Amino acid sequence: MRIAVFDIGGTSIKYAVSDEKANFLLEDSFPTEAFQGGKAVIDKIIQTSMELKKTWEIEGITISSAGQIDNENGVVVYATDNIPGYTGMEVSKLIHSVTGLPVEVENDVNCTALGEHWMGAAQGVKNFICVTIGTGIGGAIFVNGELFTGSNYSAGEVGHINLYPNGKACTCGNNGCYEKYASSLALQEMVEETFNQKINLKLFFENVRSGDQASRQVLERWVDHLTTGLQSIVHTFNPEMIVIGGGISAQGDFLLEYIHDSLFNKLMPNHKSNLSIKMAKYENKANLLGAIKHFYSKM
Ligand SMILES: [Zn+2]
């Protein structure tokens, strides 16, 4: 059985035609143009799906999406204004009504976790937390081998853990949220404030690696914010593993060492003994894999 799988990202929508073993027969993408609103985004997915139905005879559609998603009914429970009008949208129903195909939708960070559990860093791990670090910070919680989605499909909003009650204003309406201090964007801001010029993160990490003291100090401050949040997460869930996803995971073992050392200094001994931290194996593909896994688990 072939299905179409979509990953709605901030700038592009990646898609593929896949079988149940995640063999991709086709891979492509188109711009999200989120500013045009939820309806326009879903219309483009419908259009592409109709083409794929004709050419590849797909028999289902699965979507990894931003926002808090009712993964049973394929409804957007809540989304920020990054995609205007997306909150409340009945995505599965809309796409099904035109294509006639079964449609599944799951939150993107949950898809990362599902993908990493299926084929990546968290294979065989029953209790883990996936933290994705990008412009914000997302979280997914795996308990006893299954996703924990909360009472209203909204669990895992770790980006809004309160780190500093009198801190920077956040898009959620509170002050001092974790993601204002420990996201990639927050690191970018710290770098620019320190050096008073635009330096992209790739170059910044190169500077740290080549031994620049000032850069290293900025990284250590950022890692300290990051692990202050992870400290609460670990003490709450006592996971076997933390999987770190998002663009920052490209920094690999070099960054992992900083995070490990800083975090383990903040943990109670019994929380360290069987905890490991890994970077996600699939930086870009995990969401597609997770959405595929989600679809077939509903069959
Ligand atoms: Zn917040």
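Computed from Cα positions, the angle between helix 38-56 and the longest principal axis of the chain comes to roughly 60 degrees. Rounded to the nearest 10 square angstrom, Lys53 shows an accessible area of 80 square angstrom against a 1.4 Å probe. Expressed as a whole number of Å, what is the distance separating the alpha-carbon centroids of region 5-30 and region 220-241? Here the answer is 32 Å between Cα centres. When the charge dipole of the chain is built from unit charges on Cβ atoms (+1 for Lys and Arg, -1 for Asp and Glu) and taken about the Cα centre, the candidate among Ser215, Gly37, Ile292 whose Cα reaches farthest toward its positive end is Ser215. Lys39: which lysines have alpha carbons under 17 Å from its alpha carbon, excluding same-chain residues fewer than 8 sequence positions away? List returned: Lys93.
With a 1.4 Å probe rolled over the protein heavy atoms of all chains, the accessible area of Glu27, Glu206 falls in the order Glu27, Glu206, largest first. Probing with 1.4 Å while keeping every protein chain in the model, the per residue accessible area of region 154-299 equals 49 Å².
The shape of region 157-261 comes out oblate: with a ≥ b ≥ c from the C-alpha gyration tensor, a/c is at least 1.5 while a/b does not beat b/c.
Between Asp253 and Lys39, the modelled labels are 5.3 nm apart [label points 7 Å from Cα along Cα→Cβ]. In straight-distance terms, cross-link reach from Lys198 covers every one of the lysines whose alpha-carbon lies under 30 Å from its own, apart from those fewer than eight places away in the same chain; here that gives Lys14, Lys168, Lys180, Lys278, Lys281, Lys285. For region 124-279, which whole-number percentage of the solvent-accessible area (1.4 Å probe, protein heavy atoms only) is attributable to carbon and sulfur atoms? The C+S portion of the solvent-accessible surface of region 124-279 is 48 percent.
The values are calculated or read from the model by the stated rules, or taken from the named source; none is laboratory data. Note that the structure is predicted; figures quoted are calculated from it, not measured. Because the Cβ atoms are built from the backbone with ideal geometry, glycine has one as well, and the counts that use them run over all protein chains shown. Note: areas computed on protein heavy atoms with side chains; ligands, DNA, RNA excluded. Shrake-Rupley method; radii C 1.70, N 1.55, O 1.52, S 1.80 Å.
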